[in-house]
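Report on the structure given below.
The values are calculated or read from the model by the stated rules, or taken from the named source; none is laboratory data. Please read all numbers here as calculations on a predicted model, not as lab measurements. FYI the Cβ positions are ideal-geometry reconstructions off the backbone, even for glycines, and counts take in every protein chain you see.
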Amino acid sequence: MTRVRDGEVPIRDLSLRCGQVAVEVSLWRDEALVELSLGDHIEISCLRASLKPSPKLNSSSYSAVEKTVAEPVEVELTFIGVLEGDGGATVLLSDAYEEYTVLAAPALDIAADDLPIKLTLTHRNKTVQSIEPLGEMFEGMFEEV
């Protein structure tokens, strides 16, 4: 909440990222109350730009925030291993430029000799809906995601 001459209004500060570029956005009033989650695909219209004290976009009385629902997308990837570190594990895929969010990790019991493995990954806005191995050899190795 922030205080204005008419009382208090809700405000939400967001950082939108596209590749390496981040844009700061402040949503005011009703737009600040839209429930958003990491990974949501949203459309924001009618923003005002301000340059001081730093470049930023602000909502206006004409702004609208709308979550869009994407259709599931199926892609084939090659699973080549897992890199474990302090922050958790990173799944190594043949296409290293794509990042996917997995809400529940699959149980993997795969020997290094079995790699690489072809996988069919179904995602919605880069959030994994399901992972299916290609071929009967790996049947039963993955739990439902």
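Annotation: of all residues in the range 1-34 being part of a loop (DSSP other than H, G, I, E, B) and in contact with a strand residue (DSSP E or B) (Cβ under 8 Å, 6 or more places away or on another chain), the one that is nearest to residue 69 (Cα to Cα) is 34. The residue list 53, 116, 72 contains one member that is modelled with pLDDT of 75 or more, touching a strand residue (DSSP E or B) at 6+ places or on another chain (Cβ under 6 Å) and closer than 28 Å to residue 16 by Cβ, which is 72.
Any idea which residue in the range 1-44 is modelled with the highest pLDDT, counting only those that are of a type in the set (Ser, Thr, Tyr) and loosely packed, with under 13 Cβ neighbours inside 10 Å? Break it down stepwise before answering.
Filtering the range 1-44 down to residues of a type in the set (Ser, Thr, Tyr) leaves 2, 15, 26, 37.
Filter once more, keeping what is loosely packed, with under 13 Cβ neighbours inside 10 Å: 2, 15, 37.
Values: 2: 80, 15: 86, 37: 77.
By that ranking, first place goes to 15.
Which one is modelled with the lowest pLDDT among residues in the range 121-138 that are outside any strand (DSSP E or B) and aliphatic (A, V, I, L, M)? Top of the filtered list is 137. Of the candidates 2, 68, the single residue that is over 25 Å from residue 125 (Cβ atoms) and not small (Gly, Ala, Ser) is 2. Taken over the range 90-104, the residue count meeting the criterion of being modelled with pLDDT under 70 and surrounded by 12 or more Cβ atoms within 10 Å (Cβ to Cβ) is 2.
Selection of the range 45-56 for residues being surrounded by 10 or more Cβ atoms within 10 Å (Cβ to Cβ), in a strand (DSSP E or B) and either touching a residue at least 24 places away in the same chain (Cβ under 8 Å) or among the hydrophobic types (A, V, I, L, M, F, W, C) (or both) yields 46, 47, 56.
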